[in-house]
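Novice: If you scroll down you'll find the structure; I have some questions about it.
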Amino acid sequence: MDDFLNRMKLPKGSEKEDLEQISKDKLRPLFDSKKFQIREEMYRDKGVDFDIELKFNGNYTNFRFLIQLKATNTIECNTDKSYSKSIDTSNIQYLLNSGKPSYYILYHEKSKEFYYSNLGDFLKTIGSKEKDWNKQKTNTLRFEKRFNKEVTDKIYQTVLDHGKNFRKLNEKIALSTKDNFGKISITDENLNFYSENELRDQIEQHGLGLINEGNSKLIIKASHSISKNLYTKHPKFNLVLAMAHYHTGNMLESLSNLKDSGKYLNKLEKEDLSLHQYFMAAVKYSLGLLNNREYSDLMDSIEGSSLLQYYIKIEKLSRKHEDNSHDYSLNSYKKELDKILNNKDVPATIINLAQIEYYKFWSLDINIRNLQNLMLLSKEIYSPEVIESGQQITNQITEIQSFHENLRKKIVVDKDYFNYWLLETHRINYHFEAFFIDAIINGENATIISGVEFLLSEVRKIKNKYLQIGHIENQIVCMSYEYEMLEFLNERVDLERLKKEICDLLELYELRDLKRRFDLIQNGSTKLSRLKDFYEESKESYDKTVKKVKSYMEKVAAFDKEDKNRQNLLPSEVYSVELFPLGVFSFSKENLHEFYKILGIEEAELKTQLENMFLFVIPRLNLFKPKIVQEGFLNGILEYEGISSWKLAYERRKKLFEGKFIKRDL
């Protein structure tokens, strides 16, 4: 019986299509689904069969590579047991423009084997044989190496390293841009309003900023309106155009522009030379012309570039302040920072970064001093000094708010969006610490909880911004703040989820310093726990100080009591002096040098001044000063430097008592 399907006109299959599908079906199982996410390219004429993304601990990384799969049942092996296959040059160019690691894989039907070649190796081979390979219609690829599961493991590591290196490179490129954002508006509508020379000059001057605003395609379009002979000898223009091609994935055009720019390196400024080095490394690494070792060595040499020196100096100064916060004051930090910035060549983005660092340390200083002062007020200590300190802190809070607002406005005008989010990250941390201090002193309440929940939503927004631009370090910093806020709010489920995300990122990107910091947070050493410990230690230290000071004061009172009964020991001719904070003392004129010895007075000028004053008035001295070089109470109680000041005053009082320097009630 005749099947009705035989009478229908249906599309016919082909052996070629069947073979292609067989090769795909056999290739897929070689990739571990736990490590690779395979996405098949549906548009067959584009020259890519698979776009494969790496997974890391179950998470997607956006580190990808491409595969162009070829299949044959006719090609015979060469004498060296390799297989030769013609590859369209347009396909080679297409894969190169992706900027991703790419591989050609050949399925040989007769042997049921896969063979492969790295695109970078292929490019080196044909480049060494034929200078103008890209002008040929096809190029021959010899497949020598077999492809199996062991090879997929090697590819995984190669692509992983490639992705990590490119992430680091792109972050450095962002930091290295002198003119971070454009100061002009070039749009499709007004391109025709410029002459060719004007358009070239505008792109030279403002191109870096336009690229950072996402206008790379517009720069390329504008370049098509300019005759090449007008920019051949303009290295800055070629550098900008190379960067624009890089950001749009056209690596070969980018390399060509970089080579043209490199012919006139002596015309480039130092900052632009650094950028030239960066992008030459980026493009060559993308094209497979640099291996990991060569790439790493080149990066080390770029670290010493002039522009990055500002960044490095700021980072070193910050570490100095963090490591020596007790001995290295905020004012000292600010003075050294100003010295670094006191140079007309410092880019705006570096100035903004430096001011943000200062804001970070200033806000921490305010919170710490506020915590100390609130601790004293909680003990109902309302001395003039404590009240004055509280007023100073209030003034500082007003000043830092004004500083933040002015800096934020400047950053917006500069269109320095990266630093904008960095500033806001530190602002959120400043207010979070302030909320926590309030909770330590007064206990948690609805206002504090609501405030922290709002800050949590804000830090998540900034985290997503860093995720969009691919800045992993700052993304993890935001996630660490998020972690501490969740812990404060006791959100255990979200806390565990976030913990896993952070740990996976730290492992994937091998961020050892950030891992060390987060390990401390996980083990309980959060900034909040440290603030709480600081508060408890301050209270304990204060209580011990009060107890010790009380002990010294009781001993001083005992000497004062005995001196009331020793007034008759004073001769008729005496010198008198008022010693802060103990009172007025009198002694025989013959004991003047002993008096100097007890108080450690060595300055001849001060001795002369005191001896003149003894004849007419009662001079004053401050016993809290370790070395007395001036007459007067000076700053009175403000010269007090803790328990050591009272200990010094007591020891001097004891020696005065033993030397028959007698306290008097005038």
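Novice: Answer yes or no: is there a residue in the range 141-148 that is in the same structural domain as GLN68 (by TED's automatic domain parsing), within 26 Å of GLU253 (Cα to Cα) and in contact (Cβ under 8 Å) with a residue 12 or more places away in the chain.
Specialist: Scanning the range 141-148, I find at least one residue that is in the same structural domain as GLN68 (by TED's automatic domain parsing), within 26 Å of GLU253 (Cα to Cα) and in contact (Cβ under 8 Å) with a residue 12 or more places away in the chain, so the answer is yes.
Novice: For the range 92-105, name all the residues that are surrounded by fewer than 17 Cβ atoms within 10 Å (Cβ to Cβ) and either in a strand (DSSP E or B) or without any contact (Cβ under 8 Å) to a residue 60 or more places away in the chain (or both).
Specialist: Residue satisfying the conditions is TYR94 alone.
Novice: Right, here's the next one. With touching a residue at least 24 places away in the same chain (Cβ under 8 Å), closer than 30 Å to SER538 by Cβ and in a helix (DSSP H, G or I) as the only criterion, which of LYS627, LYS654 stands out?
Specialist: On the way: LYS627 fails: in a helix (DSSP H, G or I).
Only one candidate qualifies: LYS654.
Novice: Any idea which of LEU241, LEU255, LEU199 is modelled with pLDDT under 80, assigned to a helix (DSSP H, G or I) and surrounded by 19 or more Cβ atoms within 10 Å (Cβ to Cβ)? Talk me through it step by step, then tell me what you get.
Specialist: Details: LEU241 fails: modelled with pLDDT under 80; LEU255 fails: modelled with pLDDT under 80.
None of the others qualify; the one that does is LEU199.
Novice: Is it fair to say LYS263 is among the basic types (Lys, Arg), touching an Asp or Glu at 6+ places or on another chain (Cβ under 8 Å) and modelled with pLDDT of 90 or more? Spell out the reasoning first.
Specialist: Details: among the basic types (Lys, Arg): yes; touching an Asp or Glu at 6+ places or on another chain (Cβ under 8 Å): no; modelled with pLDDT of 90 or more: yes.
No; evaluated as a whole, the condition is false for this residue.
Novice: Something else now. Just to be sure, is LEU610 more than 60 Å from the chain's Cα centre (by Cα), more than 27 Å from SER551 (Cα to Cα) and in the same structural domain as ALA558 (by TED's automatic domain parsing)?
Specialist: Numbers: more than 60 Å from the chain's Cα centre (by Cα): no; more than 27 Å from SER551 (Cα to Cα): yes; in the same structural domain as ALA558 (by TED's automatic domain parsing): yes.
Considered against the rule, which asks whether it is more than 60 Å from the chain's Cα centre (by Cα), more than 27 Å from SER551 (Cα to Cα) and in the same structural domain as ALA558 (by TED's automatic domain parsing), LEU610 comes out as no.
Novice: Could you count how many residues in the range 589-618 are of a type in the set (Ser, Thr, Tyr) and either over 19 Å from LYS654 (Cβ atoms) or assigned to a loop (DSSP other than H, G, I, E, B) (or both)?
Specialist: 1
Novice: If you don't mind, there's one more thing I want to ask. Between residues in the range 195-210 that are in contact (Cβ under 8 Å) with a residue 24 or more places away in the chain and residues that are buried (at least 21 other Cβ atoms within 10 Å of the Cβ) and among the charged types (D, E, K, R), which pairs lie under 7 Å by C-beta distance while being six or more apart or on different chains?
Specialist: Correct list of pairs: GLU204/LYS236.
Novice: On to the next question. Return the residue satisfying two criteria in turn: it lies in the range 405-426 and is of a type outside the set (Asp, Glu) and free of Cβ contacts under 8 Å to residues at least 40 places away in the same chain, and of such residues it is surrounded by the most Cβ atoms within 10 Å (Cβ to Cβ).
Specialist: In the first step, residues of the range 405-426 are kept if they are of a type outside the set (Asp, Glu); the result is 406-413, 415, 417-423, 425-426.
Keeping just the survivors that are free of Cβ contacts under 8 Å to residues at least 40 places away in the same chain gives 406, 408-409, 412-413, 420.
Details: ASN406: 11, ARG408: 17, LYS409: 10, VAL412: 11, VAL413: 11, TYR420: 19.
The selected residue is TYR420.
The values are calculated or read from the model by the stated rules, or taken from the named source; none is laboratory data. Quantities reported herein were computed from a predicted structural model and do not represent experimental measurements. Here the Cβ is made from the backbone with ideal geometry for all residues, glycine too, and neighbour counts use every protein chain on show.
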